[in-house]
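First comes the structure, then the notes that go with it.
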Amino acid sequence: MKNFCIAIFLSLLLLFPYMVMAENFDVEDFFLDNGLQVVVVKNSKAPIVKQMLFYKVGAVDENKGKGGIAHLLEHLMFRGTKKVKGQEFNRILERNGADSNAFTAQDVTAYHQFMDISRLELAMFLEADRMQNLAINDSDFITERDIVYQERKQRIDNNPAAKFFEKVRHALWQNHPYANPITGYDDEIVNLSKQDAINFYKQYYAPNNAVLVLAGDIDVAIAKKMAEKYYGKLTPVFLPKKEFEKLPDNYKAKIEMELPNVKMGRFVKMVAVPSFVQDTKMAYALEVLGEYLSGDKNSPLYQKMVIKDKAALGVSAYYDGLSRSYGMFVISVVPKVKLDSSFENIVNKGWNFALASLTEKELENVKRKMLIDLIYLKDNPESLAKTVGWMIATGLKLDDLQKYSENINNVSLKDIKSAADYLWNDAPSAVGILYPEGEHK
């Protein structure tokens, strides 16, 4: 009887993630009259809240020759408004125990605060105020432009690996705006003007181009009242539809580089694949494939290339499908053997081994792990706010979040094999090889 009970318990334990994920996220959304979408993610375990404001604008929206303006504007947003002067935005929040920050990406720009629920109204006032009342003076503009320029130098120009990845990315995306680095290029940054920043701000920073996410100890009724009070009077703008360059199938590029001060080589393969908004079914297959191949020591790529063949010191793979245009699948390897142009064959063998090793049982294990991770996500207001906001800002709906576990469960072995075949053989791709200094012939 005891053994029977243990068997039942273990069976229930294996089913637990699927059972839990049958429960929906406690998420609701609504729109203000000016077009602002507000998403409320309720979690009352602690009296805290995360406010994230996502603008549907990033480096892909920059005009030719104006690279870096989205990132520069993010910096300038902390330089004061007509009501909140200078750098008081962060100082006020810090005095009230709140953390505040921002980031710029290819498709979105986001501003966020994490605080006690009693300070949410203050944070909403401050965030709404700088949506349309930003005051940029000449001195602040020059200061922040210099900071952005130095960030470019430190993160890219003085970092051979980052410079290499930027070159490979550009080779993949060609004329598509995803080829634009978020930092912009040196010559672009130094030629940006204050008027460029003002124009970009007025064109894209508006309620109908934003998603406000409130995650934590707040309900929808209170959120509606507060959002209407602070964001409701802001003016919408006209937003032209963004058209993206279409990449040709079977496009292949290869970049080989040798850079000073590189002690360890790199191999990377970047592939343009469908995003969630382009092909939902394939995107979920790629999501599961990315999890299966990801770079922990139990992954088949690691086992084949690092443990068995001893050809690499490390290998990783991931899929990024939350984007307004294409998604991207990336495999990155730190070689152990001497690097040459034939190293791609070693990666191909690792890829084929990994796919051949994927069984129905292994697929179920991968999906179970993904659903367990989702359970933890539900209990983390900060991470959940970022995930939900990014999904909505790149074109998905709340229904996609609610059906995430169902869609993951529906991914079949056949779906993954089909997606993997397209990814490896037909999708636009770029291979990059970075040689250690003095080793490229």
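Remarks
- Residue match in the range 311-330 (condition: surrounded by fewer than 21 Cβ atoms within 10 Å (Cβ to Cβ) and in a helix (DSSP H, G or I)): no
- Count - residues of the range 384-413 that are assigned to a loop (DSSP other than H, G, I, E, B), of a type in the set (S, T, N, Q) and surrounded by fewer than 18 Cβ atoms within 10 Å (Cβ to Cβ): 2
- When we screen Leu363, Leu289 for residues that are open to solvent by less than 10 Å² (accessible area, probe 1.4 Å), closer than 30 Å to Gly58 by Cα and at pLDDT 95 or above, the only hit is Leu289.
- The set of residues in the range 272-286 that are open to solvent by less than 10 Å² (accessible area, probe 1.4 Å) and touching a Lys or Arg at 6+ places or on another chain (Cβ under 8 Å) contains only Ser275.
- Criterion: of a type outside the set (S, T, N, Q) and without any contact (Cβ under 8 Å) to a residue 12 or more places away in the chain - qualifying residue of Lys308, Lys254, Lys281: Lys308
- Failed condition for Asp421, given (1) acidic (Asp, Glu); (2) modelled with pLDDT of 95 or more; (3) outside any helix (DSSP H, G or I): (3)
- Which listed residue, of Ala59, Ala46, Ala70, Ala102, is in contact (Cβ under 8 Å) with a residue 60 or more places away in the chain and open to solvent by 10 Å² or more (accessible area, probe 1.4 Å): Ala46
- Counted as qualifying within the range 141-248 are the helices (runs of 4 or more DSSP H) with 2 or more residues that are at pLDDT 95 or above, open to solvent by 20 Å² or more (accessible area, probe 1.4 Å) and under 21 Å from His112 (Cα atoms), namely 194-204, 220-231.
- Selected residue (only one of Tyr292, Tyr326, Tyr284 is in contact with a helix residue (DSSP H, G or I) (Cβ under 8 Å, 6 or more places away or on another chain) and within 18 Å of Asp426 (Cβ to Cβ)): Tyr326
- Of the residues screened, Lys269 is not one that is open to solvent by 20 Å² or more (accessible area, probe 1.4 Å), in contact with a Gly (Cβ under 8 Å, 6 or more places away or on another chain), part of a strand (DSSP E or B) and at pLDDT 95 or above.
- Where Ser294 falls short, out of the listed (1) touching a residue at least 40 places away in the same chain (Cβ under 8 Å); (2) surrounded by 16 or more Cβ atoms within 10 Å (Cβ to Cβ): (1)
- For Lys85, the stated conditions do not hold, so it cannot be described as surrounded by fewer than 20 Cβ atoms within 10 Å (Cβ to Cβ), within 27 Å of Ser323 (Cα to Cα) and among the basic types (Lys, Arg).
- The C-beta contact set for the range 31-42 (first residue within 11 Å of Ala227 (Cα to Cα) and open to solvent by less than 10 Å² (accessible area, probe 1.4 Å), second residue among the hydroxyl-bearing types (Ser, Thr, Tyr) and modelled with pLDDT of 95 or more, distance under 6 angstrom, 6+ apart or interchain) comprises Leu36/Tyr231.
- Among the numbered conditions (1) of a type in the set (S, T, N, Q); (2) within 27 Å of the chain's Cα centre (by Cα); (3) open to solvent by 60 Å² or more (accessible area, probe 1.4 Å), the only one that Asn261 does not meet is (2).
The values are calculated or read from the model by the stated rules, or taken from the named source; none is laboratory data. This is a predicted model, so every value here is computed, not measured. With ideal geometry, Cβ positions are generated from the backbone for all residues, glycine too; neighbour counts draw on all protein chains shown. Note: accessible area is taken over every heavy atom of the protein model, side chains too, but ligands, DNA and RNA are not part of it. Shrake-Rupley method; radii C 1.70, N 1.55, O 1.52, S 1.80 Å.
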